[in-house]
Amino acid sequence: MLVKTKAIVISSLKYQEKSLIVKCLTQSDGLKSYFVPNAFSAKKSNQKIAYFQPLTLLEIEANHKNKGTLEHFKEIKLANAYQTISTNIFKSTIVMFLSEMIHHSIHEEEKNENLFLFLESALLWLDAHDDLANFHLILLLEMTKFLGFYPDTTDDNYPYFEKNEGVFIPFQSTSCLTEHETHLFKRLLDLKFDSNQKVFAGIERQILLKFLLSYYNIHLDGFKNPKSLEVLKEVFA
């Protein structure tokens with residue numbers, strides 16, 4: 001079936017000398033993997049290697065056979081050409097980290113248009129703004145809404161957050177954040193992308209990131225911490 005849709009590049013893997021296997025989150029069909037022959041050939045000007053950088057926003061026309069095999073692009077163009085992400089070390093590091101997080105978080109080939117639209121708007125916001133110290137934390141937390149394990153804030157007056165059930169409770173257990181960590185987490189729950197970025201110190205962001213990774217580990221089968229995690233920590237130290 002010939003499909004025209006927007007797509008976000010999640011990952012690309014070199015295959016043999018000249019080809020790529022590209023995984024995308026599509027607006028129309030969710031997660032899809034594509035085979036790109038001769039991606040490194042100048043002759044294939046409509047399938048430039050630059051199109052397949054992490055979290056690039058594309059408009060594609062593709063043949064979707066929907067048989068669990070690799071699909072094929074017919075036409076590709078940039079949906080939005082980023083202005084700053086590729087040249088800003090902080091933004092490019094965030095994008096590298098988040099692409100790995102998304103890669104390890106989404107496994108089902110099913111449409112999730114709300115998640116797609118959220119990620120698209122978040123990436124465009126990142127490209128257009130420079131106050132981004134908490135961007136990755138907010139995005140990871142917001143993404144849990146679409147993945148099915150956003151925290152239940154009904155009893156957020158309680159001093160401890162219990163990670164397994166995703167709820168606030170009055171007494172601390174072994175699966176809880178400490179009272180201090182819970183306090184930081186409550187502050188994160190209130191943040192938006194355009195909130196004051198100086199609300200956390202660097203060490204507090206490290207605590208929150210460590211928690212979010214453990215929260216993903218608990219609630220997603222087969223989740224792996226991104227290899228780019230140490231690079232992210234170093235850049236934002």
* Give me a count of the residues in region 76-98 that are touching a strand residue (DSSP E or B) at 6+ places or on another chain (Cβ under 6 Å), surrounded by 13 or more Cβ atoms within 10 Å (Cβ to Cβ) and over 14 Å from K32 (Cβ atoms). => 2
* Filter result for F73 (in contact with a Phe, Trp or Tyr (Cβ under 6 Å, 6 or more places away or on another chain) and open to solvent by less than 50 Å² (accessible area, probe 1.4 Å)) -> yes
* Report the residue count in region 139-186 for those that are open to solvent by 60 Å² or more (accessible area, probe 1.4 Å) and within 21 Å of the chain's Cα centre (by Cα). => 4
* Asked: Looking at region 1-20, is at least one residue within 19 Å of E109 (Cα to Cα), open to solvent by 50 Å² or more (accessible area, probe 1.4 Å) and at pLDDT 95 or above?
  -> yes
* Which of the residues belonging to region 202-237 are of a type in the set (G, A, S) and open to solvent by 50 Å² or more (accessible area, probe 1.4 Å)? -> G222, A237
* Asked: Between residues in region 223-235 that are assigned to a loop (DSSP other than H, G, I, E, B) and residues that are open to solvent by less than 20 Å² (accessible area, probe 1.4 Å) and of a type in the set (S, T, N, Q), which pairs lie under 8 Å by C-beta distance while being six or more apart or on different chains?
  -> F223/S105; S228/T93
* Asked: Does P37 count as under 19 Å from the mean Cα position of the chain (by Cα) and farther than 18 Å from L117 by Cβ?
  -> no
* So how many residues does region 106-125 have that are out of contact with any helix residue (DSSP H, G or I) (no Cβ under 6 Å at 6 or more places or on another chain), modelled with pLDDT of 95 or more and within 21 Å of S228 (Cβ to Cβ)? -> 3
* Could you list all residues from region 99-120 that are in contact with a Ser or Thr (Cβ under 9 Å, 6 or more places away or on another chain), open to solvent by 20 Å² or more (accessible area, probe 1.4 Å) and in a helix (DSSP H, G or I)? => E100, H103, E113
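The values are calculated or read from the model by the stated rules, or taken from the named source; none is laboratory data. The structure displayed is predicted, hence computed values, not measured ones. As a convention, Cβ positions derive from the backbone with ideal geometry for all residues, glycine included, and neighbour counts pool all protein chains shown. Accessible surface is based on the protein model in full, side chains and every heavy atom, while ligands, DNA and RNA are left aside. Shrake-Rupley method; radii C 1.70, N 1.55, O 1.52, S 1.80 Å.
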